[in-house]
1. Pairs, please: C-beta under 6 Å, at least 6 apart or cross-chain, first residue outside the structural domain of Asn183 (by TED's automatic domain parsing) and without any contact (Cβ under 8 Å) to a residue 24 or more places away in the chain and in region 66-84, second surrounded by fewer than 21 Cβ atoms within 10 Å (Cβ to Cβ) and outside any loop (DSSP other than H, G, I, E, B)?
2. Please enumerate the residues belonging to region 23-36 that are without any contact (Cβ under 8 Å) to a residue 40 or more places away in the chain, within 16 Å of the ligand (Cβ to nearest atom) and closer than 17 Å to Phe285 by Cβ.
3. Could you please find all residues in region 276-335 being closer than 28 Å to Met7 by Cα, over 19 Å from the mean Cα position of the chain (by Cα) and part of a helix (DSSP H, G or I)?
4. Count, please, the residues in region 244-262 that happen to be surrounded by fewer than 19 Cβ atoms within 10 Å (Cβ to Cβ) and of a type in the set (A, V, I, L, M, F, W, C).
5. Spot the failing condition for Val166; the list is (1) within 12 Å of the ligand (Cβ to nearest atom); (2) buried (at least 17 other Cβ atoms within 10 Å of the Cβ); (3) in contact (Cβ under 8 Å) with a residue 60 or more places away in the chain; (4) more than 24 Å from Ala137 (Cα to Cα), and only one is missed.
6. Among the residues that make up region 217-226, is at least one of them within 16 Å of the ligand (Cβ to nearest atom), buried (at least 18 other Cβ atoms within 10 Å of the Cβ), on the phi > 0 side of the Ramachandran plot and not aliphatic (A, V, I, L, M)?
7. Please go through (1) near the ligand (Cβ under 9 Å from one of its atoms); (2) under 30 Å from Ala314 (Cβ atoms); (3) buried (at least 19 other Cβ atoms within 10 Å of the Cβ) for Thr47 and return the number of the only condition it doesn't satisfy.
8. Checking Ile75 against (1) over 13 Å from the mean Cα position of the chain (by Cα); (2) farther than 12 Å from Gly13 by Cα; (3) more than 9 Å from the ligand (Cβ to nearest atom), which single condition isn't satisfied?
Amino acid sequence: MSDNNIMRVALVGPGRIATAHLEAIAASKGEAQLVAVAGLPQERERTEELALRYGAQRAVHDFDEILSADDIDGIVLTVPNHLHSELAVAILDSGKHVLVEKPLANTVAEVDEIAAAAAASGKTVMVGQCRRFFAGAQEAKQRMQTLNGPVSVVHNLGVYVEDAAVGWWKSAAQAGGLAVGLNGPHVIDTMVWLIGSQPIRVYAQTRRLRDRWEGEDEAVLLVEFADGSLGTGYLSLNTRIPVNDRLINGPDGSMRLTDDRNLWVGEDLVVSEQVVPYINGDSAFEQQFIEFVTAVREKRTPQSGLAEARTVVAVMQAVHDSQSSGVPVELDLGTPSVNK
Ligand SMILES: NC(=O)c1ccc[n+]([C@@H]2O[C@H](COP(=O)([O-])OP(=O)(O)OC[C@H]3O[C@@H](n4cnc5c(N)ncnc54)[C@H](O)[C@@H]3O)[C@@H](O)[C@H]2O)c1
């Protein structure tokens, strides 16, 4: 942190989601100062344009320059999924905190490498599970106990994607499948967070309905929790009628959360917020960034920290393992997992 306790931040990865984070940094005003935007040499123009637009001190075209900089405290890392672990480890080794876009990594083994680097450096790792941070989602979390669980959570998350928006989506290894690697973290993270119990078993089937990519564009997953709760997720990139709808039922009540923002408790709409394209920045990205800065300042584990992210990645991996084997996968998250 600078002398006046302001976090000096760089964003690495000036792609599609970058502006949502840059808007959040700008909105944080006194909390943080944007020092640099960093990209690859071949995207110089985009990097410089973003640096200028968001008032960064400099544009950087070499990742090593970010690592060696001594005027940067924290990094917002928005590179493709398969690069998260390698770059996050390098960032931690260089003595900087990191907010990594979801998923933290594509495998649990990679998460464990990041955890080892975090332990060695003493620096903070947070994962960008932005959807938790909407007021509607936060209110749902506050009210979970009133349902007197165990509960059932059913989450349908369907979008329509005509073709791969960026090259790495075409590769299952890079994207972590596809629907599971892109939207799986949203569904799995909020399910685990809301239920607040450990996942113990996962059964899933995935499909590829269109030949535009290697990975799955459909997934259906059933997660059993230690407290008896059930989470059901449906992920689709083929939904011409977009949907983002969670139904949460317990013995003593029902809630429904749509678009992460509109919360019904029974039949009463108790929180409502307009949907805006996340690329323009939104309240969730703002709250997420504030949580990152505050956790670093207070030297505490952030919401959506390493342990929570490891659970999400373990469930994502179990989804693919269950699809391959055709049977449910038992999870023992209490012990370090062995990875393929
Ligand atoms: N929270 C959300 O709702 C949400 C939405 C979209 C994307 N994401 C996540 O954000 C991440 C980025 O996704 P995207 O859609 O913006 O992808 P993208 O491909 O548009 O952007 C990635 C950027 O990183 C750059 N990059 C790659 N290697 C780099 C390096 N070594 N140094 C600097 N820059 C480098 C690329 O050139 C590109 O500009 C992914 O992990 C994705 O899952 C999250």
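1. Taking only residues 6 or more apart or on different chains, not a single pair turns up.
2. Passing the criteria: only Leu34.
3. Within region 276-335, Arg297, Glu298 meet the criteria.
4. Of the residues in that region, 1 qualify.
5. Of the numbered conditions (1) within 12 Å of the ligand (Cβ to nearest atom); (2) buried (at least 17 other Cβ atoms within 10 Å of the Cβ); (3) in contact (Cβ under 8 Å) with a residue 60 or more places away in the chain; (4) more than 24 Å from Ala137 (Cα to Cα), the odd one out for Val166 is (2).
6. Restricting attention to region 217-226, the residues satisfying the condition of being within 16 Å of the ligand (Cβ to nearest atom) are 217, 219.
Imposing the further condition that a residue be buried (at least 18 other Cβ atoms within 10 Å of the Cβ) reduces the set to 217, 219.
Filter once more, keeping what is on the phi > 0 side of the Ramachandran plot: none.
No, there is no match, as no residue in region 217-226 is within 16 Å of the ligand (Cβ to nearest atom), buried (at least 18 other Cβ atoms within 10 Å of the Cβ), on the phi > 0 side of the Ramachandran plot and not aliphatic (A, V, I, L, M).
7. Every condition holds for Thr47 apart from (2).
8. Unmet for Ile75, out of (1) over 13 Å from the mean Cα position of the chain (by Cα); (2) farther than 12 Å from Gly13 by Cα; (3) more than 9 Å from the ligand (Cβ to nearest atom): (2).
The values are calculated or read from the model by the stated rules, or taken from the named source; none is laboratory data. In this text, all values refer to a predicted model and were calculated from it rather than measured experimentally. Cβ coordinates were reconstructed from backbone atoms using ideal geometry, including for glycine residues, and neighbour counts include every protein chain displayed.
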